[in-house]
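Here the structure comes first, spelled out in C-alpha cells, and everything after it is commentary.
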Amino acid sequence: MKDKFFYECIDCGRTYDSTEIIYLCKECSIHNKPDSPPKGVLKTLYPYKEISNHVACDLFSKLEKNKFLDLLPLKSIDSLPFLRVGSTPLYNVLSLDAEPFGFELYLKDDSQNPTFSFKDRASAIVSAFAKEHNIDTIVAASTGNAGSSLAGICAAQKQKAIIFVPAAAPKAKLTQIMMYGAQIVPVDGTYDSAFDLSIEATKKYGWYNRNTAFNPLTIEGKKTVSYELYSQLEQNIPDRIFVPVGDGVIISGVYKGFEDLLNLGIIDKIPTIVAVQAIGSSNIINNIDKNNFVSTPSKTLADSISVDIPRNYWMTKKYIKDFYVETILVSDEEIISASKVLSSRTGIFAEPAASAAFAGFLSYYWDGRFKEGSKNIVLLTGSGLKDLNAVQKIIDIPAPVKPDIDSVDKFLAKRK
Ligand SMILES: [Zn+2]
C-alpha cells in the first residue's frame with residue numbers, strides 16, 4: 001500500500017516516506033546549534049489530488065464526517081484517546097459593554113480541552129501515532145502545558161509519559177503532570193538543556209519524542225483548529241485570527257490547517273493571521289525581516305510564549321512570507337488588563353498567553369481597525385487556572401467581615 005502521507009523538509013525540500021519514524025531532516029539538521037532555531041523541521045504532506053478525487057460532491061463535509069482522517073497521519077480514528085480533544089466551542093460575542101461591535105468577534109475556547117490547553121490537540125495525535133506503532137513510552141521536555149497535556153493524554157491511553165523539566169520549574173506547574181502519573185526527570189539546567197537531554201534519552205532508550213518543532217506530527221494535531229473554525233463558521237473563512245506566538249508552532253499549525261484546505265481546493269485564500277507576541281518575548285516578530293537570527297533574552301509573565309530560541313522559527317517565517325500576516329506586540333500590563341476584561345465581560349478566564357491574543361484584539365478594536373461585518377477570531381489557548389500567580393497582583397481579596405448582617409451592611413457601604 002502506498003504511504004498515506006510523507007514528510008518534506010521545509011529548508012531543502014527533501015522528502016521522507018512515513019514508514020520510518022523520523023524527526024528532523026537528516027541533512028539539514030547536521031549543523032544545528034543550541035543557540036539558533038533548528039533547521040530541517042519537517043512538514044507532513046498528503047496526496048491532496050487523490051483525496052479531492054475521492055468524491056465529486058462536498059469534499060469538506062466528507063472530511064468532517066470521517067473526522068478528517070484523510071488529513072491525519074493515522075490509520076484509524078479509534079487510536080485517539082477516548083477523552084474529547086478538540087471540537088471546542090466557538091463563541092460569538094456581540095459586545096464587551098452596552099455598545100454592539102458592528103463586526104463579528106468569535107472566541108475559540110481551547111481551554112476546554114481535557115488538560116485545559118490547546119496542546120492536547122498535538123498530544124492526542126502523537127499518542128495515537130505511538131499506539132499504532134506499538135510504542136508505549138513518550139517523552140517530552142516541558143515546564144508547563146505541553147508536559148501536562150502529554151501526561152494527561154498518556155494516562156487516558158495507558159501509555160507512559162516521561163517529562164524532562166528544568167529543576168527550577170515551579171512546583172505548582174508540575175503538580176498537574178505528576179497527578180496524571182507521569183514520570184518527571186528534573187534536569188539541573190535550563191529548558192534548553194532539558195530539551196536536548198530528552199532527545200538524547202529518546203535515542204538511547206528507544207522512546208518516542210513529542211517535542212514541538214522536532215516531532216513533525218505536533219503540527220498535524222494543532223492544525224485541526226483551522227478545520228474546526230472553517231466548519232463552525234459554516235464553511236467560511238474568517239477575516240482575521242489573533243494567535244499568541246512563542247516558539248511558532250501554534251501559528252504554523254493554524255496556517256497548516258488552512259493550507260491543507262487550500263491544497264484541496266476547498267478554500268481559495270488563507271485568512272489573515274495576526275501574530276501576537278509579548279514585548280518581552282518577541283524573537284519571531286523582531287527577526288522576521290532580518291537575514292540573520294538574533295536572540296534577545298525573553299522576559300514576560302506570559303510564560304507559555306516566553307521563548308529565547310523559537311524552535312519553529314523557520315517554518316513560521318516561511319508561512320508568513322508565503323501567505324499573509326499582521327504582527328503586534330503587547331506589554332505585560334496590556335496582557336493582564338486584557339485578561340481582566342476577558343474574564344469580567346465574557347466569563348472566560350484565560351491564561352496570560354491566551355490573554356495576549358485578546359490584548360492584540362483589543363488594541364485593534366480601540367484603534368477602530370475592524371471593518372463592519374468582518375469576522376474576527378481570538379484563539380484562546382489555555383485556562384487561567386493554570387497560572388493564577390500571574391493575575392494575583394491585580395486582585396485584592398478583602399479582609400473577612402464579622403458573621404452578622406450589620407457588618408455586611410458596613411462592608412458593602414464602604415465598597416460602593
Ligand atoms: Zn533538509
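Things to note:
- Relative contact order, percent, segment 143-185 [alpha-carbon distance under 8 Å, six or more residues apart]: 50 percent
- C-alpha long axis of helix 313-322 to longest principal axis of the chain, angle in °: 90 degrees
- Relative contact order (%) - criterion: Cα under 8 Å, at least six apart; region: the chain: 16 percent
- Segment 1-106: relative contact order in percent, alpha carbon pairs under 8 Å with at least 6 residues between: 19 percent
- Charged neighbours of PRO166, selected by a Cβ distance under 11 Å, balance to -1 (K, R count +1; D, E count -1).
- Remark: segment 1-100 carries a charge dipole of roughly 340 debye about the Cα centre, counting +1 on each Lys and Arg Cβ and -1 on each Asp and Glu Cβ.
- Within segment 211-291, the trypsin sites (Lys or Arg not before Pro) that combine a DSSP coil assignment with at most 16 other C-beta atoms in a 10 angstrom radius are LYS269, LYS290.
- Once backbone amide H atoms are built at 1.01 Å from N, LYS160 has THR137, ILE138 as its partners under 5 Å, excluding neighbours fewer than 5 places away on the same chain.
- Listed residue pairs exceeding 27 Å between alpha carbons, taken from LYS39/LYS299; LYS222/LYS321; LYS43/LYS65; LYS173/LYS318; LYS108/LYS160: LYS173/LYS318; LYS108/LYS160
- Principal-axis tilt of helix 249-263 within the chain, Cα atoms, nearest 10 degrees: 60 degrees
- Under-5 Å amide H pairs with LEU105, H placed in peptide plane, nonlocal only: VAL93, ASN376
- Distance between the C-alpha centres of segment 260-321 and segment 69-116: 21 Å, rounded to the whole angstrom.
- The chain - charge dipole about Cα centre, Lys and Arg +1 at Cβ, Asp and Glu -1, debye rounded to 20: 540 debye
- Taking the charge dipole of the chain about its Cα centre, with +1 at Lys and Arg Cβ atoms and -1 at Asp and Glu Cβ atoms, the residue from GLY384, GLY368, PRO73 reaching farthest to the positive side is PRO73.
- Taking chymotrypsin sites (Phe, Trp or Tyr not before Pro) across segment 6-113, the ones in a DSSP loop with at most 10 further Cβ atoms lying within 10 angstrom of their Cβ are PHE82.
- Acute angle (nearest 10 degrees) that the helix 145-157 long axis makes with the longest principal axis of the chain, alpha-carbon atoms: 70 degrees
- ³J(HN,Hα) computed for each position of segment 212-225 - Karplus, 6.51 cos²θ - 1.76 cosθ + 1.60, integer Hz, glycine/proline x: 6, 6, 10, 7, x, 7, 4, 4, 5, x, 5, 5, 4, 4
- Taking GluC sites (Glu not before Pro) in DSSP loop conformation with at most 12 other Cβ atoms inside 10 Å as exposed sites, the chain has its longest uninterrupted site-free stretch at 21-233.
- Amide H to amide H, with H built 1.01 Å from N, ALA141 comes under 5 Å of PHE164, ASN211, counting only residues 5 or more places away or on other chains.
Bear in mind these aren't lab numbers, they're just calculated from the coordinates by the rules spelled out. Note that the structure is a prediction, hence the values are computed from the model and not measured. Virtual Cβ from ideal backbone geometry, glycine too; neighbours counted across all protein chains shown.
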